[in-house]
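Enquirer: Following this message is one structure expressed as C-alpha cells.
The values are calculated or read from the model by the stated rules, or taken from the named source; none is laboratory data. Since this is a predicted model, take the numbers as computed values, not measurements. Positions of Cβ are generated from backbone atoms using ideal geometry, with glycine treated the same way; all protein chains shown enter the neighbour counts. Quick note on the areas: whole protein, heavy atoms, side chains included, nothing else; ligands and nucleic acids left out. Shrake-Rupley method; radii C 1.70, N 1.55, O 1.52, S 1.80 Å.
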Amino acid sequence: MSSYVAPLKDMLFVINELAGLDDISKLPGCEEVNAELVEAVLGEAAKFAQEVLEPLNRVGDKEGSKLANHVVTSPAGFKAAYQQFREAGWNGLGGMTEYGGQGLPHLVSNPVQEMWNSSNMAFCLCPMLTSGVLEAMRHHGSPEQLQRYVPKLTSGEWSGTMNLTEPQAGSDLAAVRTKAVPEGDHYKISGTKIFITWGEHDMADNIVHLVLARLPDAPEGVKGISLFIVPKFLPNADGSPGERNDVKCVSIEHKLGIHASPTCVMQYGDAGGAVGYLVGEANRGLEYMFTMMNHARLGVGLEGVAVAERAYQHALEYAKTRVQGREVGQRSGDRVTIIHHPDVRRMLMHMKSQIEAMRALAYLSAATLDKAKHHPDAAEKRRHQAVIDLLIPVVKAWCTEQCVEIASTGVQIHGGMGFVEETGAAQYLRDARITTIYEGTTGIQANDLVGRKVGYEKGVTAMAVIAQMRETAAASTGDLSAIGQALSRAIDALQEATQWIVDTFQKNPNAVYAVAVPYLKLFGTVGGGWMMARAAQIAQCKRAEPGADVGFYDTKVTTARFYCEHILPQAAGFRQTVVAGADSVLALSEAQF
Amino acid sequence: MKVLVTAKRVIDPYVKVRVKSDGTGVETANVKMTINPFCEIAVEQAVRMKEAGIVTEIVVVSIGPLQCQETIRTAMAMGADRGILVETAEEVQPLAVAKVLKAIVEKEQPRLVIMGKQAIDDDSNQCGQMLAALLGWPQATHISNVTVNGDSAEITREIDGGLEKLTVKVPAVVTADLRLNEPRYVTLPNIMKAKKKPLENIKPDALGVDVKPRLKTLKVEEPAKRSAGVKVADVQELVAKLKNEARVI
C-alpha cells in the first residue's frame, strides 16, 4: 500500500516557472507572496495532508458517513482531523483578510487544495463547499451578513453548503420549486433539496446552507430564483449558534465513491418553515451562483488532477514492487518487477505525462483567475477574464475525464489485484467518477465552451489563446523541434475545429452541440500539449544552469516528448469528429434507438 | 527567561540519501532539506515553555549556508521569536558549532540552551556536550522531560536501564531526545507571521570564531550490500553456524 507524497518539486516547477508566480507577486494585494513563502506553505500543507488526512482516506471509504435520527456521524477520526485542520488555519487560506483569512491567491491556494484532494477527497469537500459559500458572500452578502457569518466560516468553526438541486431540478435549475415566504425581516423556506454535500455532519458547530428558492410572486424560470442563507442553528446576538432551525437531513445517498462525504437530502420547513435571510436582491439567485462558478469549477478540475496523481503514485509503487515474469527476451535469470515490462511503462508514462499537463493547465488557470481578479489595468483584467472564462470548462471537464481514465489505468497496472478493494486502487477510480458529473457534467461544460465561450463571441478569445500556443510551438526549436512540430500539427487541428464551430454555430447549433465534447477534449489535449512544450523549453534552459538538477529537467523533457508522441496525435482524430461527425449523432429518429 | 534553541538544516529524513560519485560526501544539491527532527523537538519544547509562561523569548540559531534561513523560518513559524543565521559555506564540524554557539550565548545571555541530541545527518551527538564544556555550564543530554524552577531544572533522561532523574543548575545546556514532545503542525497564520519576525545574518568572523574543519573526510561510501541469507536444516546446524561461522556464541 503506497502513502501519498505531495509532488512538491513538480508543483513548485509549475507554480514558479509555468504559471509565473512572479507576475502574481506584482498584483495589488499579493505583494507578500514570493517563492519562499509558497515553499513554506506548500511544505507544511504537504505534511498535514500526508500525516493527518491521508491515513483517514481508507477508513472514510470503508466506514462512510452514517445517518441516524437526522444526525450524520462522520467516519472515525474525521471530526478530530477537521478540528486540527481548522486550528492549523488551513480553512482560511484564500479567505478575506479582514475576516481572519490569509487572502492568498489561487496560484497558492489551489496547489494546497490539490494536496487535500490527493490525500482525502471526501474530507476536502467539506472545506471546499465552505469556500464556495464564502465566495458567494464576498460578492453578494450585506455588511451585516458578512460580519455575522464570514469570520466563523473562514475559521472553519462553521461549514457551508450549496443547496441548488431538487429532484426535478438538476442541470435545469429553472425548475427549482423550493418556496420562500416573507415574514418580517426574514423568509420562511420550505421544500426538498437533494445532493447536498456535507449537508449535515458532526465536524462543525454550525452549518450555513445557501439555498435557492422562489418568492411567492416570482416570475417563472431562471429569473425568479432567489438566494437565501439558512443556518442550521440561528446565530444569537453574540454570534454563538442558537435556536435549531427547521431544516433537517432526512436521508443520505449510497454512492459509488466519496463514501465519507455525506450526500444529503435536506428537508426545509416541515415544522412551518425554516428561517432564511435573502442574499442580495430578490430573483437574482441564479446569477449570483454564476459569479462563483469559475472558482467552483476550477476546484473540481483540481480534484481531477489530485485523484489522478494519487492513483499514479499508488500504481507506481505497485509497479516497482510487484515481481512478475522476466524481462522481454530473457528466458532465464531473475524475475523482475513489472515496471520492467514495456506496456506497464507505457501505462505509467500515460498517467504521468497527462497528470503533468493537467496540473500545468489547472495552475495556469489559477494564475489567470488571480490576474482577472487583481490586475490593476482594466483592459488586462478583461482580457484575463475572457481567457479564464474560456479555460474553465476545459479544465473542469478535461481534467476530470482524464482523471477517470488515469484512475482506471491505475487499476489496470495492478492487474487482478486492482479489481480487489484491498489494494486500494479501486477507491481512486470510484472517487474520481463523480468529478465529471457534479458542478456541471462534462456535457454541460462542453455546451458552455462551444456556446457562450466560443460560438457567441465568434472564437475571438479561443483564437487569441491559439495564437499564444503557436508562439510556444515556434519557440520549440533545436532539440525540441520534434515537440514543436507535433504541437503545431495539433494546433492546426484545434484551429480548424474552432473555425468550424464559429462558422456552424449560427446556422446549425444542434450540430455544434452534438460534437461539443470531442471539441472540448481536443481543446484540453492541445492545451496540455502547449503546457508540456513550455515545460520542456524551461527545463532545457534550466538544466544548463550551474548546479541544476539535470535528472529532474531531463525527465521533464522526456515526459513532454511522450505526451507529443502518444497523446497529442489524438488531436487530429478529435478534429475529424468535430468537423464531420455531427450528422450521424443526430440522424437516428428516437424510435430507431 | 530567555531560551536559545538551535536548528540545523539536514536532508529530509524521508529522502533516500545518495553518496556523491567522487566519494567526498553525500549529495545535498537539489535534495529536499528540512529542520533536523531533534532540533524541531527542541524548538517545540521552548515554545511550550513560552506558552506555559516560563519562557519570555525564544532565539533560534542556525549555522550554514543562506538557505538555513528557511530552517529558521520554520522554527519561527512554530513560535520562536527571532532568528540568527551564522552564515558560512564551510563544512561546520561539531567543535566549530560549539564555538559559534558559545559566542552567541555570550552575546544573548540566555538562561537555557535547548538543542537536539544529535543531527540525523552525521549523528555526531557532540555539540551540546562541547558547548556546555566550553561555557562551563551544566549539561543534561537525551532528555525526555524538563521543568524549570527558578535557578534549577528538573530533568528526566532516557538511559538503558530506565529513566534517570536529575536536577541541574541553570543556566544549562540540555539536548532533546525523541520522546520529549511531539512537535506541532505549523499553522498557516504562523507561517505568514514568521515572515515578519526579525532574522539577523552574521558571519563566523564577526563572532571571532574560526570554523575551518579540523577533521578530514577521507572517503564516503555506501555500506556494503547485505548478502542473501541461507536456510538451515535444523537447530544443530544453526547452532554450529552461529558458533563457527558467525562466532557469536
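Enquirer: Residues to consider are A:Ala571, A:Ala511, A:Ala539, A:Ala580; find the one that is away from chain B (no Cβ under 14 Å) and either under 19 Å from A:Trp398 (Cα atoms) or crowded, with 21+ Cβ neighbours inside 10 Å (or both).
Expert: Just one listed residue meets the conditions, A:Ala571.
Enquirer: Now for a different question. Quick one: B:Gly53 ticks every box in (1) open to solvent by 50 Å² or more (accessible area, probe 1.4 Å); (2) outside any helix (DSSP H, G or I); (3) within 14 Å of chain A (Cβ to nearest Cβ) bar one, so which box is it?
Expert: Evaluating B:Gly53 over (1) open to solvent by 50 Å² or more (accessible area, probe 1.4 Å); (2) outside any helix (DSSP H, G or I); (3) within 14 Å of chain A (Cβ to nearest Cβ) leaves (3) as the failure.
Enquirer: Let me ask you something else. What single numbered condition from (1) buried (at least 19 other Cβ atoms within 10 Å of the Cβ); (2) touching a Lys or Arg at 6+ places or on another chain (Cβ under 8 Å); (3) not assigned by TED's automatic domain parsing to the domain that holds A:Gly160 fails to hold for A:Gly269?
Expert: Going through (1) buried (at least 19 other Cβ atoms within 10 Å of the Cβ); (2) touching a Lys or Arg at 6+ places or on another chain (Cβ under 8 Å); (3) not assigned by TED's automatic domain parsing to the domain that holds A:Gly160 one by one, A:Gly269 breaks only (3).
Enquirer: Give me the strands (runs of 3 or more DSSP E) completely within the range A:231-286, filtered to those with at least 1 residues that are among the charged types (D, E, K, R) and farther than 16 Å from A:Trp198 by Cβ, ordered by residue number.
Expert: Passing ranges, in order: A:241-244.
Yes/no per residue for (1) more than 24 Å from A:Gly156 (Cα to Cα); (2) under 23 Å from the mean Cα position of the chain (by Cα):
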position	(1), (2)
A:Asp10	yes, yes
A:Asp22	yes, no
A:Ala49	no, yes
A:Pro55	no, yes
A:Gly64	no, yes
A:Ala81	no, yes
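Enquirer: Have a look at B:Pro183, B:Pro204 and point out the one that is within 22 Å of the chain's Cα centre (by Cα), open to solvent by less than 60 Å² (accessible area, probe 1.4 Å), modelled with pLDDT of 95 or more and within 14 Å of chain A (Cβ to nearest Cβ).
Expert: B:Pro183
Enquirer: Another question, if that's okay. Take B:Leu188 and decide whether it is surrounded by 12 or more Cβ atoms within 10 Å (Cβ to Cβ), hydrophobic (A, V, I, L, M, F, W, C) and either within 14 Å of another protein chain (Cβ to nearest Cβ) or out of contact with any His (no Cβ under 6 Å at 6 or more places or on another chain) (or both).
Expert: In short, yes.
Enquirer: Still on this structure, I have one more. Pick out, from the range A:364-482, the helices (runs of 4 or more DSSP H) lying fully within it that include 2 or more residues that are at pLDDT 95 or above and of a type in the set (Val, Ile, Thr).
Expert: A:378-413, A:442-448, A:460-475
Enquirer: Go through the range A:546-556 residue by residue and tally those that are open to solvent by 40 Å² or more (accessible area, probe 1.4 Å), within 11 Å of chain B (Cβ to nearest Cβ) and either in contact (Cβ under 8 Å) with a residue 40 or more places away in the chain or not aliphatic (A, V, I, L, M) (or both).
Expert: Result for the range A:546-556: 3.
Enquirer: Please go through (1) within 14 Å of another protein chain (Cβ to nearest Cβ); (2) open to solvent by 10 Å² or more (accessible area, probe 1.4 Å); (3) of a type outside the set (Asp, Glu) for A:Gln145 and return the number of the only condition it doesn't satisfy.
Expert: (1)
Enquirer: Could you check, for the range A:55-77, whether at least one of its residues is out of contact with any helix residue (DSSP H, G or I) (no Cβ under 6 Å at 6 or more places or on another chain) and within 21 Å of A:Gly101 (Cβ to Cβ)?
Expert: Looking through the range A:55-77, none of the residues is out of contact with any helix residue (DSSP H, G or I) (no Cβ under 6 Å at 6 or more places or on another chain) and within 21 Å of A:Gly101 (Cβ to Cβ).
Enquirer: Turning to a different aspect of this structure: I need every pair where a residue in the range A:479-507 that is in contact (Cβ under 8 Å) with a residue 40 or more places away in the chain has its Cβ under 6 Å from the Cβ of a residue that is of a type in the set (Phe, Trp, Tyr), sequence separation at least 6 or different chains.
Expert: Pairs that qualify, where the first residue is in contact (Cβ under 8 Å) with a residue 40 or more places away in the chain and the partner is of a type in the set (Phe, Trp, Tyr), are A:Ala497/A:Tyr519.
Enquirer: Right, something else. Among the residues of the range B:17-50, which ones are more than 12 Å from chain A (Cβ to nearest Cβ) and charged (D, E, K, R)?
Expert: B:Lys20, B:Asp22, B:Glu44, B:Arg48, B:Lys50
Enquirer: Every residue in the range B:68-80 that is open to solvent by 40 Å² or more (accessible area, probe 1.4 Å) and either farther than 20 Å from B:Leu207 by Cα or away from chain A (no Cβ under 12 Å) (or both), please.
Expert: B:Glu70, B:Arg73 - these are the residues of the range B:68-80 that are open to solvent by 40 Å² or more (accessible area, probe 1.4 Å) and either farther than 20 Å from B:Leu207 by Cα or away from chain A (no Cβ under 12 Å) (or both).
Enquirer: In the range A:256-263, is there at least one residue being open to solvent by 40 Å² or more (accessible area, probe 1.4 Å) and farther than 30 Å from A:Gly304 by Cα?
Expert: The answer is no; no qualifying residue exists.
Enquirer: B:Ile72 - would you say it is in contact (Cβ under 8 Å) with a residue 24 or more places away in the chain and assigned to a loop (DSSP other than H, G, I, E, B)?
Expert: no
Enquirer: Next question. Looking at the range A:19-46, which of the residues that are open to solvent by less than 10 Å² (accessible area, probe 1.4 Å) and more than 14 Å from chain B (Cβ to nearest Cβ) is farthest from A:Glu114 (Cα to Cα)?
Expert: Checking each candidate, the answer is A:Leu27.
Enquirer: Please work out which one of (1) open to solvent by 10 Å² or more (accessible area, probe 1.4 Å); (2) part of a strand (DSSP E or B); (3) touching a helix residue (DSSP H, G or I) at 6+ places or on another chain (Cβ under 6 Å) is the condition B:Val97 fails and give its number.
Expert: Condition not satisfied by B:Val97: (2).
Enquirer: Can you pull out the helices (runs of 4 or more DSSP H) entirely within the range A:505-593 that have at least 2 residues that are at pLDDT 95 or above and touching a Lys or Arg at 6+ places or on another chain (Cβ under 8 Å)?
Expert: Those helices (runs of 4 or more DSSP H) span A:516-542, A:550-562, A:570-580.
Enquirer: Ok, one more. Only residues that are surrounded by fewer than 24 Cβ atoms within 10 Å (Cβ to Cβ) and over 30 Å from A:Ala497 (Cα atoms): list them for the range A:430-446, please.
Expert: Hit for the range A:430-446 is A:Arg430, nothing else.
Enquirer: In the range A:47-101, what count of residues is obtained for those that are over 28 Å from A:Val420 (Cα atoms), in contact with a Pro (Cβ under 8 Å, 6 or more places away or on another chain), open to solvent by 20 Å² or more (accessible area, probe 1.4 Å) and more than 10 Å from chain B (Cβ to nearest Cβ)?
Expert: Total satisfying the criteria: 2.
Enquirer: For the range A:401-429, how many residues are farther than 17 Å from A:His350 by Cβ, open to solvent by less than 20 Å² (accessible area, probe 1.4 Å) and touching an Asp or Glu at 6+ places or on another chain (Cβ under 9 Å)?
Expert: Within the range A:401-429, residues that are farther than 17 Å from A:His350 by Cβ, open to solvent by less than 20 Å² (accessible area, probe 1.4 Å) and touching an Asp or Glu at 6+ places or on another chain (Cβ under 9 Å) number 2.
Enquirer: Moving on to the next point. On the basis of being over 24 Å from A:Thr400 (Cα atoms) and open to solvent by 10 Å² or more (accessible area, probe 1.4 Å), does A:Val517 make the cut?
Expert: Here the answer is no, as A:Val517 does not meet what is asked.
Enquirer: Just wondering, is there one or more residues in the range B:157-165 that are open to solvent by less than 70 Å² (accessible area, probe 1.4 Å) and either within 14 Å of chain A (Cβ to nearest Cβ) or in contact with a Pro (Cβ under 9 Å, 6 or more places away or on another chain) (or both)?
Expert: No.
Enquirer: Scan the range B:186-201 residue by residue and report those that are of a type in the set (Lys, Arg) and more than 24 Å from the chain's Cα centre (by Cα).
Expert: Of everything in the range B:186-201, those that are of a type in the set (Lys, Arg) and more than 24 Å from the chain's Cα centre (by Cα) turn out to be B:Lys193, B:Lys196.
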